[in-house]
1. Please state which of the following conditions Pro88 fails to meet, knowing it meets all the rest: (1) farther than 21 Å from Ile14 by Cα; (2) under 15 Å from the mean Cα position of the chain (by Cα); (3) not hydrophobic (A, V, I, L, M, F, W, C).
2. Does the range 108-128 include one or more residues that are closer than 19 Å to Leu61 by Cβ, more than 11 Å from the chain's Cα centre (by Cα), modelled with pLDDT of 90 or more and crowded, with 17+ Cβ neighbours inside 10 Å?
3. Only residues that are out of contact with any Leu (no Cβ under 6 Å at 6 or more places or on another chain) and not small (Gly, Ala, Ser): list them for the range 126-138, please.
4. Quick one: in the range 64-89, which of the residues that are small (Gly, Ala, Ser) and surrounded by fewer than 17 Cβ atoms within 10 Å (Cβ to Cβ) is nearest to Leu124 (Cα to Cα)?
5. Could you please let me know if Arg34 is loosely packed, with under 13 Cβ neighbours inside 10 Å and under 22 Å from Gly21 (Cβ atoms)?
6. Tell me, which residue of the range 11-31 that is surrounded by 14 or more Cβ atoms within 10 Å (Cβ to Cβ) and either basic (Lys, Arg) or farther than 22 Å from Phe67 by Cα (or both) is farthest from the chain's Cα centre (by Cα)?
7. Taking helices (runs of 4 or more DSSP H) that fall entirely within the range 1-120, which contain at least 1 residues that are in contact (Cβ under 8 Å) with a residue 60 or more places away in the chain?
8. Before we move on, is Arg102 loosely packed, with under 15 Cβ neighbours inside 10 Å and closer than 28 Å to Phe67 by Cβ?
Amino acid sequence: MAAVNTVILLLHPITAVSILGWMWWQYGWKKKSRDLSGESRQDELERHEKVGERILQAAILSVLIAFAARWYTGLGLVPGSLHGFTGPIGIILLWITARWGRNSRRDKLQKTKHGRAADLLIALMFFHSFLGFLYLFEVL
């Protein structure tokens, strides 16, 4: 039973690491967008928007997996660490960033906010990941 609990608890970190890599790749758009022009830029922009929405959905799923794993293993639903409390906050920030990204085509201010929020989100993502890494030693 302990092995099953360990595997279940590791589902969140495994999905989260893949999402973090995906977010880092998505963050590369800032540099890539400067090099593109015309129709290829438009195509990449549409892809960027779709991928952003998918990242948001995947991140929500990852947080739900974390809560489900805590419930299944008997740790309770209330987070017991700073890592656990910052997960839902990160989802809210990611949702806001995605919303600003959706509106950035129409509004230059939204575009600036989206870019700055992405910068902040990347920094917080690494902080949250480090906290999660430390939390693994406590849980496992």
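1. (1)
2. Checked the range 108-128: no residue is closer than 19 Å to Leu61 by Cβ, more than 11 Å from the chain's Cα centre (by Cα), modelled with pLDDT of 90 or more and crowded, with 17+ Cβ neighbours inside 10 Å.
3. Phe126, Phe127, His128, Phe130, Phe133, Leu134, Tyr135, Leu136, Phe137, Glu138
4. Ser81
5. Criteria not met by Arg34.
6. Applying the filter and picking the extreme gives Trp29.
7. Because the criterion is at least 1 residues that are in contact (Cβ under 8 Å) with a residue 60 or more places away in the chain, the helices (runs of 4 or more DSSP H) in the range 1-120 that meet it are 2-27, 29-35, 38-72.
8. Judged against the criteria, Arg102 is a match.
The values are calculated or read from the model by the stated rules, or taken from the named source; none is laboratory data. This one's a predicted model, so the numbers in the text were calculated from it and none came from an experiment. When we count neighbours, we look across all protein chains shown, and the Cβ atoms used for this are built from the backbone with ideal geometry, even at glycine.
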